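Structure, as structure tokens:
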Amino acid sequence: MENYCSPTYFIDADHPDIIAFSRTHTREGASQKENAVSLYYAVRDKIRYNPYSIEPRRAAMKASGILSRGEGYCVAKAVLLAACLRTTGIPARLGFADVRNHLTTDKLREKMGTDLFVWHGYTDVFLENRWVKATPAFNLSLCQAFGVKPLEFDGTEDSIFHPFDTRGNRHMEYVNDHGWFADLPWDRILTACRKTYPKYFEDVDTMQGNFSEEAKAERSDE
């Protein structure tokens, strides 16, 4: 369990900015469950989900850097939540799975060439003697743009993506599990992403996009 409580290269829970953010969104005297729930919503809604933010640099995936930028994709937000939890003394680890995402935008689909998202990341939190999954990826405003129910987290039940959106359309399918890790296995993830999305990485240094606005525009045309 010590491995899930200590700072690492990517989960830099001892960074001053991580400590300050965690203190802002937790309450002295609250239970670990209450503080874990508070941190989940802080990361979910204050850090914008941006699938165009995958950078091949190791340093870009440090929790402190993600917090500073105020945005990140699913893996980045899971790393940040894990760091915040460890800072407050709550054991946390990273979980990964390949998922088939049926709710994406035309631009992202063209860049990725598939609706399969490899090594989708979430945070596994140890509360009341059991591990509970928490997925802080999609911020509330993005869920509203896509017409997807926002993922809630109560510290008791697993928080994972719904199979259908609010209109009954298929949303997310989990197709392969990669297990849990004490730190981010970035080399494995980057290798898998480069292999699966070669076109995405052709111009990754100049890639830009507003995923939320793209979703709103496409849904308005339906």
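Answer with yes or no whether residue 45 is in contact with a Ser or Thr (Cβ under 7 Å, 6 or more places away or on another chain), surrounded by fewer than 19 Cβ atoms within 10 Å (Cβ to Cβ) and assigned to a helix (DSSP H, G or I). Lay out the reasoning, then the answer.
Details: in contact with a Ser or Thr (Cβ under 7 Å, 6 or more places away or on another chain): no; surrounded by fewer than 19 Cβ atoms within 10 Å (Cβ to Cβ): yes; assigned to a helix (DSSP H, G or I): yes.
So residue 45 does not fit the description; no.
Taking the range 1-18, which residues are under 20 Å from the mean Cα position of the chain (by Cα), part of a helix (DSSP H, G or I) and surrounded by fewer than 17 Cβ atoms within 10 Å (Cβ to Cβ)?
The answer is 17, and nothing else.
Please determine, by comparing only the residues of the range 73-112 that are outside any helix (DSSP H, G or I) and basic (Lys, Arg), which one is farthest from residue 130 (Cα to Cα). Don't jump to the end; show me each part of the working.
First, the residues of the range 73-112 that are outside any helix (DSSP H, G or I): 73, 88-105.
If we keep only those that are basic (Lys, Arg) too, we end up with 93, 100.
Details: 93: 13, 100: 27 Å.
Going through the qualifying residues, I end up with 100.
Among the residues of the range 91-107, which ones are of a type in the set (A, V, I, L, M) and closer than 24 Å to residue 185 by Cα?
The answer is 92, 94, 97, 99.
May I ask you to say which residue of 54, 18 is modelled with pLDDT of 95 or more and more than 18 Å from residue 133 (Cβ to Cβ)?
Values: 54 fails: modelled with pLDDT of 95 or more.
So the residue among 54, 18 that is modelled with pLDDT of 95 or more and more than 18 Å from residue 133 (Cβ to Cβ) is 18.
Give the range 20-34 a look and list any residue that's within 19 Å of the chain's Cα centre (by Cα) and either of a type outside the set (S, T, N, Q) or in a loop (DSSP other than H, G, I, E, B) (or both), or say none.
The answer is 21, 25.
Does any residue of the range 136-157 turn out to be assigned to a strand (DSSP E or B) and either of a type outside the set (A, V, I, L, M, F, W, C) or at pLDDT 85 or above (or both)? It would help to see each step written out before you state the result.
Looking only at the range 136-157, we keep the residues that are assigned to a strand (DSSP E or B), and these are none.
So far as the range 136-157 goes, no, none of its residues is assigned to a strand (DSSP E or B) and either of a type outside the set (A, V, I, L, M, F, W, C) or at pLDDT 85 or above (or both).
The values are calculated or read from the model by the stated rules, or taken from the named source; none is laboratory data. Predicted model only: the values in this text are computed from it and were never measured. Glycine also receives a Cβ, built like all others from the backbone with ideal geometry; neighbour counts cover every protein chain displayed.
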